[in-house]
């Protein structure tokens, strides 16, 4: 009589099937899971870098086509003030670096609409002195005198009366050789 009868062969095949289908995958599960996670992370990173590259290309193109600004820091500063005096916040915002234009348009709209001392602020901007200039960066310093407390509507900004020294940084757009306001 053979030790490998039909029943023992079926039992052995069933046992082997369980080992192959249940036990082996569970042994290698962590490796499989890790491999899948790495593939997903790789895809996420690829998507992330693709998005960064697209944004870089968009900004590069915008900088190359951005012709707003002056040939000197002083000229850009004067153009910015002129636009504000005319309440033209669309134009005033275009004197900012490309990536800040939309944000500054909203901020300038709020300032023009709700700042009671706008004339005082504009006078302070006109009196700004060029503090330092390098080949591609300049800084204007100005003092704003606030005579009454100011609450900017729609914000939590509250300004007490006093003298406030501020600065604005203007940088050179090296693609168009126009000076742009980076910060105010």
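The values are calculated or read from the model by the stated rules, or taken from the named source; none is laboratory data. Everything quoted here is computed from the prediction, not taken from an experiment. Cβ sites come from the backbone with ideal geometry, for glycine too, and all protein chains shown count toward neighbours.
Tell me, please, whether a residue that is touching a strand residue (DSSP E or B) at 6+ places or on another chain (Cβ under 7 Å), over 14 Å from residue 144 (Cα atoms), modelled with pLDDT of 80 or more and surrounded by 19 or more Cβ atoms within 10 Å (Cβ to Cβ) can be found in region 104-111.
Checked against the condition, which is being touching a strand residue (DSSP E or B) at 6+ places or on another chain (Cβ under 7 Å), over 14 Å from residue 144 (Cα atoms), modelled with pLDDT of 80 or more and surrounded by 19 or more Cβ atoms within 10 Å (Cβ to Cβ), region 104-111 yields at least one hit.
Go through region 125-161 residue by residue and tally those that are modelled with pLDDT under 80 and either in a strand (DSSP E or B) or within 20 Å of residue 80 (Cα to Cα) (or both).
Residues in region 125-161 being modelled with pLDDT under 80 and either in a strand (DSSP E or B) or within 20 Å of residue 80 (Cα to Cα) (or both): 10 in total.
Out of 147, 135, I need the residue that is within 22 Å of residue 111 (Cβ to Cβ), touching a residue at least 24 places away in the same chain (Cβ under 8 Å) and exposed (fewer than 15 other Cβ atoms within 10 Å of the Cβ). Which one?
Of the residues listed, the single one that is within 22 Å of residue 111 (Cβ to Cβ), touching a residue at least 24 places away in the same chain (Cβ under 8 Å) and exposed (fewer than 15 other Cβ atoms within 10 Å of the Cβ) is 147.
Taking residue 74 as the residue in question, decide whether it is under 16 Å from residue 182 (Cα atoms) and free of Cβ contacts under 8 Å to residues at least 24 places away in the same chain.
Here the answer is no, as residue 74 does not meet what is asked.
Please work out if residue 122 is in contact (Cβ under 8 Å) with a residue 24 or more places away in the chain and either loosely packed, with under 12 Cβ neighbours inside 10 Å or in a helix (DSSP H, G or I) (or both).
In short, yes.
A quick yes/no check of all residues on (1) surrounded by 11 or more Cβ atoms within 10 Å (Cβ to Cβ); (2) modelled with pLDDT under 75; (3) more than 20 Å from the chain's Cα centre (by Cα); (4) not assigned by TED's automatic domain parsing to the domain that holds residue 94:
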site	(1), (2), (3), (4)
1	no, yes, yes, yes
4	no, yes, yes, yes
29	no, yes, yes, yes
38	no, no, yes, yes
42	no, no, yes, yes
50	no, no, no, yes
53	no, no, no, yes
61	yes, no, no, yes
